[in-house]
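See structure below.
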Amino acid sequence: MRKLWWLLLIVPFSTQASSVVHEYQLKNGLKLLVKEDHRAPVVVSQIWYKVGSSYEYNGITGISHVLEHMMFKGTEKHGPGEFSRIIAENGGRENAFTGTDYTAYFQMLEKSRLPVSMEMESDRMRNLTLPPAEYKKELEVVKEERHMRTDDNPRALTNEQFDAVAYNNNPYKNPVIGWPNDLDNLTVDDVRAWYNRWYEPNNATLVIAGDVNPDEVYAMAQKYYGDIPAGKIIPDKPRIEDPQDGPRRLVVRTPARVPYLLMGYKVPVLKSAKEAWEPYALDVLSGILSSGRSARLPRILVREKQIAVDADAGYNMYALHNNMFELDATPAPGHTVAELEKALHEQIKHLRDDKVSKAELDRVKAQVIASKVYEKDSVFYQGMVIGMLETVGLSYKFADEYVDKIKAVTAEQVQEVARKYLIDDHLTVATLEPQSMDLKPKRKPFVLPNYSHQ
């Protein structure tokens with residue numbers, strides 16, 4: 001399935017973390033969430049802004065990601081590259097990521113260095129200088145990133161075209177990295193206007209996780225963020241996807257070594273589902289298909305029938321807008337994409353026609369729950385789940401409800417969501433047809449400048 005745009009910083013520990021989260025609200029609207037975890041003398045600081053590619057519109061796609069890059073190019077107080085240098089000098093690690101529904105910046109430091117992070121992060125919340133010369137350089141870096149991650153990556157290119165065809169009005173039709181023409185015509189004034197519109201304390205959530213005292217963190221946040229005035233945030237108008245009237249198909253022909261198949265069904269998410277249990281049933285259904293070696297797709301398609309090299313399924317219930325339940329696979333040598341699609345349809349039919357056995361349901365639930373529990377061994381991931389839930393309009397408390405909700409899913413509910421949502425009228429199918437690698441355009445090697453944030 002599709003990979004995340006960011007690198008998760010995983011820090012394993014031996015015992016499960018406490019689930020208590022301390023919540024504060026500054027007068028300027030900044031929400032502060034503090035998760036204590038005293039197993040190691042480290043702290044993770046994350047600031048989440050409610051803006052990502054789903055907030056963008058035609059003509060400026062990719063602007064949230066470009067702004068993310070420019071956040072490291074200097075304020076009135078700190079020059080270009082100073083943010084990263086100071087964090088490194090204090091023994092820390094930092095980076096950022098842009099998604100469909102949020103942009104986030106994080107640092108991991110020894111706990112006594114938290115003020116360093118807060119001072120600089122609060123400074124760039126409102127004081128970016130956005131030098132035109134730096135913008136010109138960094139825009140080229142973003143374009144090269146697009147070349148490497150999408151244009152030169154057949155699967156990623158297929159995924160991008162898939163979204164563009166699958167959705168009509170849903171803003172997930174646009175790529176996070178942006179369309180090439182939009183990047184070519186994006187100006188520093190566009191980026192400045194985007195920054196001024198969305199980077200406000202009342203449009204942000206500050207998440208601190210690690211070996212900290214919550215009240216001390218709150219006092220620190222008051223010191224560094226409290227004097228920043230609240231902005232006027234004008235919400236976007238709703239962009240609700242039109243009902244799909246029948247299956248959609250597309251073919252992507254590009255230089256590649258192997259074919260690839262991607263199928264997706266439109267489904268609700270936790271924020272939009274009329275029946276609160278449905279997203280959890282879809283999550284269990286995803287696990288039945290692809291959670292572990294004994295799941296149906298790797299067991300039947302890869303090992304038993306040997307018609308696929310790999311086969312996977314995925315679903316994200318924590319999104320701002322409705323999205324897709326996806327299946328993707330690569331045919332084994334001697335087999336075709338058509339055979340593979342037929343086999344995937346057969347597996348979906350089994351889910352609609354027959355209830356999952358208790359033994360299989362219990363196994364999948366155990367695997368799904370175990371993976372979520374293991375994620376809590378990362379201080380970074382604890383903060384990430386909190387920030388993600390809050391930023392898409394859910395409460396961080398949904399994370400603690402997850403295990404009980406998954407346990408409550410029944411075989412009848414799994415069958416019901418399969419019958420309701422995994423139908424042809426909700427389906428989009430993308431096929432990658434490999435072309436000769438000799439047709440791949442020749443591009444000059446790009447040397448990443450030392451000024452660039454990566």
Exercise. How many residues are free of Cβ contacts under 8 Å to residues at least 40 places away in the same chain and touching a helix residue (DSSP H, G or I) at 6+ places or on another chain (Cβ under 8 Å) when one looks only at the range 235-250?
Worked result: 0
Seminar exercise, completed: Within the range 117-135, residues part of a helix (DSSP H, G or I), of a type outside the set (S, T, N, Q) and touching a residue at least 40 places away in the same chain (Cβ under 8 Å) come out as Met118, Glu119, Met120, Glu121, Asp123, Arg124, Met125, Arg126, Pro132, Glu134, Tyr135
Exercise. Could you say which residue among Ser64, Ser84 is touching a Ser or Thr at 6+ places or on another chain (Cβ under 6 Å), in the same structural domain as Asp189 (by TED's automatic domain parsing) and not in a loop (DSSP other than H, G, I, E, B)?
Worked result: Ser64
For this session: Might you let me know whether the range 351-359 holds any residue that is crowded, with 18+ Cβ neighbours inside 10 Å and closer than 28 Å to Tyr55 by Cα?
Result: no
Exercise. Does the range 92-115 include one or more residues that are out of contact with any Gly (no Cβ under 6 Å at 6 or more places or on another chain), assigned to a loop (DSSP other than H, G, I, E, B), at pLDDT 95 or above and farther than 16 Å from Ala209 by Cβ?
Worked result: no
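So which of Leu301, Leu297 ends up being in contact with a Ser or Thr (Cβ under 6 Å, 6 or more places away or on another chain) and surrounded by 22 or more Cβ atoms within 10 Å (Cβ to Cβ)?
Numbers: Leu301 fails: in contact with a Ser or Thr (Cβ under 6 Å, 6 or more places away or on another chain).
From the options Leu301, Leu297, the qualifying one is Leu297.
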Exercise. Which ones in the range 30-48 are surrounded by 22 or more Cβ atoms within 10 Å (Cβ to Cβ) and either polar (S, T, N, Q) or part of a strand (DSSP E or B) (or both)?
Worked result: Leu33, Val34, Lys35, Val43, Val44, Ser45, Gln46, Ile47, Trp48
Problem set entry | In the range 395-439, the residues that are in a loop (DSSP other than H, G, I, E, B), within 23 Å of Ala370 (Cα to Cα) and not aromatic (Phe, Trp, Tyr) | Ser395, Ala408, Val409, Thr410
Exercise. Can you spot a residue in the range 50-60 that is over 17 Å from Met388 (Cα atoms) and more than 25 Å from the chain's Cα centre (by Cα)?
Worked result: no
Problem set entry | Tally, over the range 195-231, of residues that are under 18 Å from Tyr55 (Cβ atoms) and either at pLDDT below 95 or among the acidic types (Asp, Glu) (or both) | 1
For this session: Quickly run through the range 379-408 and pick out the residues that are modelled with pLDDT under 90 and within 17 Å of the chain's Cα centre (by Cα).
Result: Ala399
For this session: Name every residue in the range 154-183 that is out of contact with any helix residue (DSSP H, G or I) (no Cβ under 9 Å at 6 or more places or on another chain), in contact (Cβ under 8 Å) with a residue 40 or more places away in the chain and in a helix (DSSP H, G or I), in order of residue number.
Result: Pro154, Arg155, Thr158, Gln161, Phe162
Exercise. Is it true that Arg253 is among the charged types (D, E, K, R), in a loop (DSSP other than H, G, I, E, B) and assigned by TED's automatic domain parsing to the domain that holds Glu401?
Worked result: no
Seminar exercise, completed: Picking from Glu134, Glu140, the residue that is in the same structural domain as Ser54 (by TED's automatic domain parsing), out of contact with any strand residue (DSSP E or B) (no Cβ under 9 Å at 6 or more places or on another chain) and buried (at least 20 other Cβ atoms within 10 Å of the Cβ) would be Glu134
For this session: Output the qualifying pairs, or none if there are none: Cβ atoms under 9 angstrom, residues six or more apart or on different chains, first residue in the range 20-47 and in contact (Cβ under 8 Å) with a residue 12 or more places away in the chain and closer than 18 Å to Asn202 by Cα, second residue charged (D, E, K, R) and part of a loop (DSSP other than H, G, I, E, B).
Result: Asn28/Glu200; Asn28/Asp227; Gly29/Glu200; Leu30/Glu200
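Before we move on, is Glu216 assigned to a helix (DSSP H, G or I) and more than 25 Å from Asp328 (Cα to Cα)?
Yes; evaluated as a whole, the condition is true for this residue.
The values are calculated or read from the model by the stated rules, or taken from the named source; none is laboratory data. Quick caveat: nothing in here was measured; it's all calculated off a predicted structure. Cβ atoms come from the backbone with ideal geometry, glycine included; neighbour counts cover every protein chain shown.
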